[in-house]
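**Q** Handing you a structure now.
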Amino acid sequence: MTVATYGNQSLVPDALGEAVLYQTTDRVELVEDSLNQLVVLTPTGGRLTYYLLAAWAQEGGGITSQEQFSTFLAATLRELDSPVAVTIL
């Protein structure tokens, strides 16, 4: 699951994408107002795993649209949801 924003979010008027990626089973509550998003998480089985992600338009190869940011988030979530398979020969 993701809480994410994209747009002009800094003192420099350029695009910035920010996201918190977390497991749906850990979410207790999602609270929003006109300026903020807050996700309240609780550990499942004594563990809590989450990821913070940011993308800035001015970084090398930067993400410059909300559509690109959404595509990047979807790809990142697919990677995190795919277990690593290791074969020892």
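The values are calculated or read from the model by the stated rules, or taken from the named source; none is laboratory data. Worth saying up front: this structure is predicted, and the values here are computed from it rather than measured. Side chains included, ligands, DNA and RNA excluded: accessible areas come from the protein's heavy atoms. Shrake-Rupley method; radii C 1.70, N 1.55, O 1.52, S 1.80 Å.
**Q** Output wanted: per-residue J couplings in Hz (rounded whole) for region 43-58, from phi through Karplus 6.51 cos²θ - 1.76 cosθ + 1.60, θ = phi - 60°, x for Gly and Pro.
**A** x, 9, x, x, 10, 9, 10, 8, 10, 9, 9, 9, 9, 10, 4, 8
**Q** So between residue 74 and residue 25, what do we pick up on full extension, going 0.36 nm a residue minus the alpha carbon distance? Each step should come with its number before you reach the end.
**A** On the way: separation 49, 0.36 × 49 = 17.64 nm, distance 1.86 nm.
In short, 15.8 nm is gained.
**Q** Counting only protein heavy atoms, what percent of the accessible surface of region 17-89 is carbon or sulfur at a 1.4 Å probe? Each step should come with its number before you reach the end.
**A** Working: 3060 of 5700 Å².
The C+S portion of the solvent-accessible surface of region 17-89 is 54 percent.
**Q** Something else now. Accessible area per residue of the chain at 1.4 Å probe, in Å²? Intermediate results must be reported in sequence, preceding the final value.
**A** Details: 6690 Å² over 89 residues.
Per residue, the chain has an accessible area of 75 Å².
**Q** Can you list the HN-Hα couplings for region 74-87, worked out from phi with the Karplus curve (6.51, -1.76, 1.60; θ = phi - 60°), rounded to whole Hz and with x for Gly and Pro?
**A** Karplus-based 3J(HN,Hα) across region 74-87 equals 4, 5, 5, 4, 4, 4, 5, 7, 9, x, 7, 10, 10, 10 Hz.
**Q** Report the relative contact order of the chain, percent, no decimals, based on alpha-carbon pairs under 8 angstrom and at least 6 residues apart.
**A** Numbers: 109 pairs, mean separation 21.9, N = 89.
After rounding, I find 25 percent.
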